[in-house]
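Step one of this worksheet: look at the structure below.
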Amino acid sequence: MEYASDEERLVAEQAALNYRELKAVMKTAPHGKGMAVMEQAVREKGFEQMRQTLSLLANAHDEAQKKGPTASRVPAEARRTSNAARTNTC
């Protein structure tokens, strides 16, 4: 398989390693607990892989590296208080 960049190759290799780890976890899971054990493994390790992938993408994307104001600002919503909070005179 050909990759467009070193980052793409790295992500593919990480995905293959994750697959192998999950396969090993599945084989060692107690009977009837395979899905629960795999879901736990994904929670423990899968999010780290996703974080690394997002970091690679952000670092590789030129626009993400630019400093300055955002393209468009989003105004904050006015702070609301309840009637009880306004009339409370404790």
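Full extension of the segment from Glu8 to Val42, taken as 0.36 nm per residue of separation minus the current Cα-Cα distance, would add 10.1 nm.
The convex hull around the C-alpha trace of the stretch 6-65, projected and averaged over every direction, spans 4.3 square nanometres. Computed from the Cβ-Cβ distance with R0 of 25 Å, the FRET efficiency linking Leu17 to Ala58 stands at 0.70.
Every number in this text was worked out from the coordinates using simple rules, so none of it is lab data. From a predicted model like this one, the values you see are computed outputs, not experimental measurements. Positions of Cβ are backbone-derived with ideal geometry, glycine not excepted, and every protein chain shown enters the neighbour counts.
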